[in-house]
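Notes follow the structure.
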Amino acid sequence: MEYRYAIILYLVNQFRGERTISGIYHLLKGKKSSQSIQDSFLFHVEPFFHSCEDLDRRDFKALIDECMSRRWISSPEQDSQRFVLSSEGERVFSRLDGHLLTPEGLNFTEQVNEESRFWLKLQLMVQTLSALLYHQRAFLPITRQPSVTESVRRCIMEASLGRSKLAAYFYRELVYFLQRCPASEAELLTAQLTGYKMSGLTVKQIAELTGKDEYECRILFKSALRRLMREIAEFPNYYPYTGRLLIVKKSALSLSAEETLKLIRSGLSLHEVAKKRRLSQSTVEDHLVEIALKDRTIDMSNYLSDRLEKQILEAASEAKTKQLKPIKKLLLDRASYFQIRLALAKEAVRRGEDPNGTTDE
């Protein structure tokens, strides 16, 4: 089976009809919303978050329509955007090897918030060094993002090395990594790099030229990129120059959630944090649920009592779902959506899972 079909069947099976197809699309794109981030934990598909960031919605919809026409997925409700595997889809899915869907590097999501920026820096660094080596005074940079161009400029200036020596060091570090990387992944990464009189290819172009599945190309490339970032974070001495392009974060929290956590630790209430940061209270609540999922050391008793938490979990067990509305209905509105999400998050962490409740998508 072609990879693009396999990944859709896998994700539909994981979501189990509790999210719409848009939820899967946002997951693959890596939408920077608390809902999408939390969904990646809830349905145990974190490696696929932000794995296909260039995915076109029309192409994705066409793929979903094709899976429907093959009778692999179906909607339990008429005109619903929530899908589950059909009996035929389950039969096909049972023959798939799940390990082949997720190359090892895809699991290295610690720096997922930095990977797009790091990739742009790496591409621009290679392009710039190549131009310097060939004395090319002017060239069209692959990006003009100020944070990226300034980082590359600073890296070159602070190295205090001649252009030839710096290029040689960079080349040596990249070759060292690529030799340790699966060939299929290494080829996808290097084919996208731009140099003197040589333009890098897009993933779509690589797929067309090689006849490979475009979705598989995206996943293998992202696996290679995350491998490199993991290598830099774990073995910085091996990457003294390439490593300057990556800001290694110790926390897996999003930047906004980190800022909220700092204010919570300083003693501010949820309302005070929202007012100080000029955010809606629901956004700050999203941050707290994300914190509960990723940092179990934070005390959440100010927002959820032990008694109410127990009642929420009992209701969730009775409803046999992670959707919020059925749980809230059983509780007769004794708990807010935020408190239900928080309780589900805490319980899942205790059980070694990573969940969150769902509402719409």
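If you scan the stretch 278-298, which residues turn out to be over 14 Å from Gln339 (Cα atoms) and either surrounded by 19 or more Cβ atoms within 10 Å (Cβ to Cβ) or at pLDDT below 90 (or both)? Matches in the stretch 278-298: Lys294, Asp295, Arg296, Thr297, Ile298. Among the residues of the stretch 322-342, just one is in contact with a Ser or Thr (Cβ under 9 Å, 6 or more places away or on another chain) and part of a loop (DSSP other than H, G, I, E, B), namely Lys322.
Any chance the stretch 22-31 includes a residue that's polar (S, T, N, Q) and touching a Phe, Trp or Tyr at 6+ places or on another chain (Cβ under 8 Å)? No. Taking the condition outside the structural domain of Lys29 (by TED's automatic domain parsing), farther than 14 Å from Leu225 by Cα and either within 29 Å of the chain's Cα centre (by Cα) or at pLDDT 95 or above (or both), does Val152 pass? The answer is yes for Val152. When the residues of the stretch 55-82 are filtered to those that are of a type outside the set (D, E, K, R) and closer than 19 Å to Leu220 by Cα, which remaining residue is surrounded by the fewest Cβ atoms within 10 Å (Cβ to Cβ)? Per the criteria, the residue is Leu55. Out of Lys61, Lys29, one residue alone is in contact with an Asp or Glu (Cβ under 8 Å, 6 or more places away or on another chain) and outside the structural domain of Gln323 (by TED's automatic domain parsing). It is Lys29.
For the stretch 299-321, the set of residues classified as surrounded by 15 or more Cβ atoms within 10 Å (Cβ to Cβ) and not in a helix (DSSP H, G or I) consists of Met300, Tyr303, Leu304, Thr321, listed by residue number. Can you find even one residue in the stretch 262-277 that is touching a residue at least 60 places away in the same chain (Cβ under 8 Å) and either assigned to a helix (DSSP H, G or I) or surrounded by fewer than 21 Cβ atoms within 10 Å (Cβ to Cβ) (or both)? No, because not a single residue in the stretch 262-277 is touching a residue at least 60 places away in the same chain (Cβ under 8 Å) and either assigned to a helix (DSSP H, G or I) or surrounded by fewer than 21 Cβ atoms within 10 Å (Cβ to Cβ) (or both). When Glu110, Glu173, Glu187, Glu158 are screened for being in a helix (DSSP H, G or I), modelled with pLDDT under 95 and of a type outside the set (A, V, I, L, M), only Glu158 passes. Looking at the stretch 98-105, can you tell me whether even one residue there is touching a helix residue (DSSP H, G or I) at 6+ places or on another chain (Cβ under 6 Å), buried (at least 22 other Cβ atoms within 10 Å of the Cβ), at pLDDT 85 or above and within 21 Å of Ile219 (Cα to Cα)? Yes, that holds for at least one residue. Answer yes or no: is there a residue in the stretch 193-204 that is polar (S, T, N, Q) and in a helix (DSSP H, G or I). Within the stretch 193-204, not a single residue is polar (S, T, N, Q) and in a helix (DSSP H, G or I). For the stretch 17-30, the condition of being touching a residue at least 60 places away in the same chain (Cβ under 8 Å) and within 14 Å of Thr109 (Cβ to Cβ) holds for at least one residue.
Checking each residue in the stretch 41-54 for being surrounded by 18 or more Cβ atoms within 10 Å (Cβ to Cβ) and either at pLDDT below 85 or outside any helix (DSSP H, G or I) (or both) picks out Phe41, Leu42, Phe43, Val45, Phe49, His50, Ser51, Cys52. I need the full set of residues from the stretch 174-228 which are basic (Lys, Arg) and surrounded by 14 or more Cβ atoms within 10 Å (Cβ to Cβ), in order please. Residues satisfying the conditions are Lys204, Lys212, Arg218, Lys222, Arg226, Arg227.
The values are calculated or read from the model by the stated rules, or taken from the named source; none is laboratory data. Note that the structure is a prediction, hence the values are computed from the model and not measured. Here the Cβ is made from the backbone with ideal geometry for all residues, glycine too, and neighbour counts use every protein chain on show.
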